[in-house]
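Derivation of every value follows stated rules applied to the coordinates shown; laboratory data play no part. From a predicted model like this one, the values you see are computed outputs, not experimental measurements. Neighbour counts run over all protein chains shown; Cβ positions are idealised from the backbone, glycine included.
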Amino acid sequence: MSARSSNDKDKKEAVFDGVEDWIVDDETPVFAKVRKEAEDDEEDGLADDPETEAVDETQAALAEAAQWRDQLLRMTADFDNFRKRMQRDKEEWSRYASQHLLEKLIPVADNLDAAALAVADAGPEARNLAEGFLMIHKQLTDVLSQEGLAEIPALGELFDPNVHEAMMTVERADGQADNEVVMVMRKGYRFKDKVLRPAMVQVAKDK
């Protein structure tokens, strides 16, 4: 073996010996840093601990369960509100289901009222016919009343813009109050708690 080869071998062995010494020496900076971090973890309770991991998993599961519970409660509340709203709508529809029909029958009632006034003065020869007509008029009035239709009081009442429509005013006469309805030009009707048609009236006013 040549002197050069012997020198190269000696150098390699010296390097390997140095590396080996560095690896097994736990006081080197790298090993010291790793050991220091492990000790810190142990002091802080962050070292791998099966019990700690189990507690963390349990807390995570409880948090997820609480989140699902909140969502379920919100969905239940939304559904309950929807159910109540549908019930109110159903009751509203049932309460006012006949409103449109009554609105169409009101002009018929107006014509019957006018005809009833006319036949009231019928002579003896038309008495039977007048009585039959008045009976029909009363039957229709009763049916409308049973369905919730009611005439709005007007004559002699103080003018109320919520239920009366003033068509004209006249000077107040003796015995009349200011703003008193002194003539009904067209009847008004209320259906349960709704005004279907205000009464057209003449109102007395102080001049």
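Mean separation of Cα pairs under 8 Å and 6+ residues apart, divided by the residue count of the range 105-207: what relative contact order is that in percent?
Numbers: 151 pairs, mean separation 26.7, N = 103.
Rounded, it is 26 percent for the range 105-207.
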Distance in nm between GLN99 and ALA118 label points, each 7 Å along Cα→Cβ, equals 3.3 nm
The size of the Cβ-based charge dipole (Lys, Arg +1; Asp, Glu -1) of the range 98-147 about the Cα centre, to the nearest 20 debye, is 80 debye
Label point at THR141 placed 7 Å out along Cα→Cβ; residues across the range 154-186 whose backbone nitrogen lies under 19 Å = 154-157, 183-186
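Return the percentage of antiparallel bridges among DSSP beta bridges fully within the range 108-207, rounded to the nearest 5 %.
Values: 12 of 19 bridges.
The answer is about 65 percent antiparallel.
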How far apart, in nm, are the 7 Å Cα→Cβ label points at GLN87 and ALA63?
-> 3.9 nm
